Amino acid sequence: MKSCFADSTLSNTPFARSRNFLVRGRIPVALAILSFATYLWAALLLHQQNQGGGAYIIERSSLAAAVSNVVYGAPLGAVFSEILTSFLTFVTPIDILIEQLAGGAAPSRLASVVQDGTGLGYVVLATLAMHIFGPRLSAIIWLYFIFVAISALAFLWRYRDERLVALPLYFSSLTIMLFTPLTSNPVYLAQSAVGGIRYFSLLGILPALHIFLDLVETRDTNIPGRWPDLVTLGIQVIILVLAILIRNSTGIFMVALALTWVVAAWIHRRDIALLRRTLFKGAYVTLLSAVVVGALMLSLPNYVREGRIGSVFWHRVFISLGLHPEWPFGNMRERYDCTKYIEEGIGVGGSDRTGHCIWLVYAMEHNIPENKWIEGVYGDLYETALRQAFLEVLRTYPRQVLETLFWYKPPMIVASIKESLTFDLSGFSNLQIFLLVASIGIALVFGISSSVYWWSPGFLLLMGATMMFATFSTIPYLVAWALPSTTADLLFFCLFALGLVASMTIATIFRSFRPRSLDRTPE
C-alpha cells in the first residue's frame, strides 16, 4: 500500500505541471519576495511606534548584557550592574538610554551571568546584533529579519514547486498578526514585540516546516547527489536551534519532527534506499543541532555552570498551579512558610513570588548562605527546588494538579486565541492597512495561480504539517499557561491553516473554470 509519504514524491502530480506553469515565468519567486517585503515594511512601521520606555520588558537584562559587552568590553554574557539597573527603570526609550549609558561613567560592578531566567539565547543574539549594527535596539530587529530572509531563501531554493505556496502564506500570516491585540494592546506588545524573545517562536516555524517536508521527501535516494538540499536543510536546522535557545517552548517542534522521522523510517523500513536516506537525514539534523548547542555552551561556561542555558521550566510549571481556584492547596502555606521574607507567602494566581517563596524555604532547609539566595534565583538549584516542590504537591494533591493541567488551562488556550483574533484597525495608518490587504492579496493570488487544490498531495502535506505543529504547540500552554502574549505560534498556525484552506478553495474553484490545456505538462 502506498503511504502519504510515498505520495510526497510529487514528480507526476500537479506539482510537476505547476512547475512549468509558474516557475518558468518566475511568478512564485516574485510573489514570495513581495510577500516578505510587505511583511518587513509593516513590521518596521510597527517597530517605529514601539519605542517607549516600557517596550521590550522581558528582554531588558539581555539587552543590558549586550551593551555591557559591546560598549564597555565585558565578557560575553556578563552584565554590569549599573547598566542593568538603568535598563530596569522602564522610563527612558531604549535607544536614548543606550546613548546616555555610552556617554556616561564607566561601570564597575560586573555580574558573570544574566539572572532573569531567560537563558543564554537572547544574550548571544543581542550581543551579536549590536556588534554587527551598533549598540541600538534596531540592531536586533534587523538581525531577526536577516534570519527570516535566510530561512525564506533556503525554502525558496529547496522547494521550487507548489510547496512554495507556504512562503506567501507564512508572511501573510505574520503580517496579519501585526494587526491583532498582540500589537494593538500595549500590555501584550511590551511582552511580545517584534524581535523579542517570545516573537522568536515565529522564526522557528518556517525552518520546522522545511525540515518536515525534507524528512518526508522520497523523490531521490542518492544522498551525495542532493548536497544542495543538505545545505539548505542545515541552514534551517541552525536557525531552528537558535530560535529554540531564545524561545525554549519552540523546542516542541523538534519533538514533532522526531516523531515524523520515526514514522517515516518505519514506513520505509522495507525499502533499504529510502530507509538509509531517512536515517541519514535524522542523524544529520541531530548532529548539527548538537554542534550548535555545544558551541554556544562552550562560549558561555558560566551559564552552563549555573544551569542557565535555557529559560526556567519548573518555575513556570509550579507557579501555574496558582490558576486553580483552591490554590494554595491544603496546608501549603504552612509547609512553605516564607512570610519572614515575603509578607504574603504563597500568593494566589501565577505570581513569580510564589516560586521565590519555595526557593527561600528550600535555601533555609538546605543551609544555603543568605548571600547566595538572590544570585541563586532561576539557577540550577532554584529549578531543583521548584521541581521537588511540584512533585511533592503532585503526590499530595493529585486531583487539584490534574484539574489545573486538563480542566482550567485548556479554556485559557481557547480564550487566548479568541482574544487574539479580534481586530481593531482604528489605531493603524492607511499605509499599514494597505500593507495588510496587499499581503493577503499576494497569498491569495499565489494560491489561485498554483495547481494545489483540495486533497492534492501538496495540500495534504502542508495541512498535515500545520495540524501537527499546532497540536504540539498546545503542550507548553498546558505545562505553563496561555495568554495572547505567549501563544503567538498557535495563533500563527490558526491563521496559516485558514489561509491555506481559503487559497486552496479559491484555487479549486478557479481550476474548474481554467482551460484543461493549461494543466497539461509540456512535451
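Which pairs turn up if I take residues in region 176-187 that are of a type in the set (Gly, Ala, Ser) and look for partners that are surrounded by fewer than 20 Cβ atoms within 10 Å (Cβ to Cβ) with beta carbon separation below 8 Å, at least 6 apart in sequence or on another chain?
184/424; 184/427
Evaluate the following for residue 246: is it under 24 Å from residue 116 (Cβ atoms) and touching a Gly at 6+ places or on another chain (Cβ under 6 Å)?
For residue 246, the condition - under 24 Å from residue 116 (Cβ atoms) and touching a Gly at 6+ places or on another chain (Cβ under 6 Å) - is met.
Could you list, in sequence order, all residues of region 99-133 that are part of a helix (DSSP H, G or I), hydrophobic (A, V, I, L, M, F, W, C) and farther than 26 Å from residue 309 by Cα? Reasoning before the result, please.
Looking only at region 99-133, we keep the residues that are part of a helix (DSSP H, G or I), and these are 99-102, 121-133.
If we keep only those that are hydrophobic (A, V, I, L, M, F, W, C) as well, we get 101-102, 123-126, 128-130, 132-133.
Within region 99-133, 101, 102 meet the criteria.
So, of the residues in region 160-218 that are farther than 30 Å from residue 94 by Cα and part of a loop (DSSP other than H, G, I, E, B), which turns out to be modelled with the highest pLDDT?
Among those that are farther than 30 Å from residue 94 by Cα and part of a loop (DSSP other than H, G, I, E, B), it is 216.
Scanning region 345-370 for residues that are in a helix (DSSP H, G or I) and of a type in the set (A, V, I, L, M), which turns out farthest from residue 320 (Cα to Cα)?
364
Is there any pair with a first residue in region 328-346 that is in the same structural domain as residue 398 (by TED's automatic domain parsing) and in contact (Cβ under 8 Å) with a residue 12 or more places away in the chain and a second that is outside any helix (DSSP H, G or I) and among the small types (Gly, Ala, Ser) whose Cβ atoms are under 9 Å apart and which are 6 or more apart or on different chains, and what are they?
Cβ pairs passing all conditions: 328/345; 328/347; 333/345; 336/345; 337/345; 338/345.
Please state which one of 321, 257 is at pLDDT 95 or above, farther than 24 Å from residue 158 by Cβ, in contact with a Phe, Trp or Tyr (Cβ under 7 Å, 6 or more places away or on another chain) and among the aliphatic types (A, V, I, L, M). If you could, list the steps in order and put the result at the bottom.
Values: 257 fails: farther than 24 Å from residue 158 by Cβ.
Only one candidate passes the filter, namely 321.
Quick check on this structure: which one of 257, 274 is crowded, with 16+ Cβ neighbours inside 10 Å and either touching a His at 6+ places or on another chain (Cβ under 9 Å) or within 18 Å of residue 296 (Cβ to Cβ) (or both)?
Unique residue meeting the criteria: 274.
Let me confirm something: among 485, 416, 426, 439, which residue is outside any helix (DSSP H, G or I) and at pLDDT 85 or above?
One residue alone meets the criteria, 485.
All but one of (1) surrounded by fewer than 16 Cβ atoms within 10 Å (Cβ to Cβ); (2) in contact with a helix residue (DSSP H, G or I) (Cβ under 7 Å, 6 or more places away or on another chain); (3) farther than 18 Å from residue 210 by Cα hold for residue 279, so report the exception by its number.
The number of the failed condition is (3).
In region 285-318, which residues are part of a helix (DSSP H, G or I) and of a type in the set (Val, Ile, Thr)?
Of everything in region 285-318, those that are part of a helix (DSSP H, G or I) and of a type in the set (Val, Ile, Thr) turn out to be 285, 286, 291, 292, 293, 304, 317.
Inside region 237-251, can you point out the residues that are small (Gly, Ala, Ser) and farther than 15 Å from residue 144 by Cβ?
Selection gives 249, 251.
The values are calculated or read from the model by the stated rules, or taken from the named source; none is laboratory data. This is a predicted model, so every value here is computed, not measured. Glycine gets a Cβ as well: all are built from the backbone with ideal geometry, and neighbour counts include every protein chain shown.
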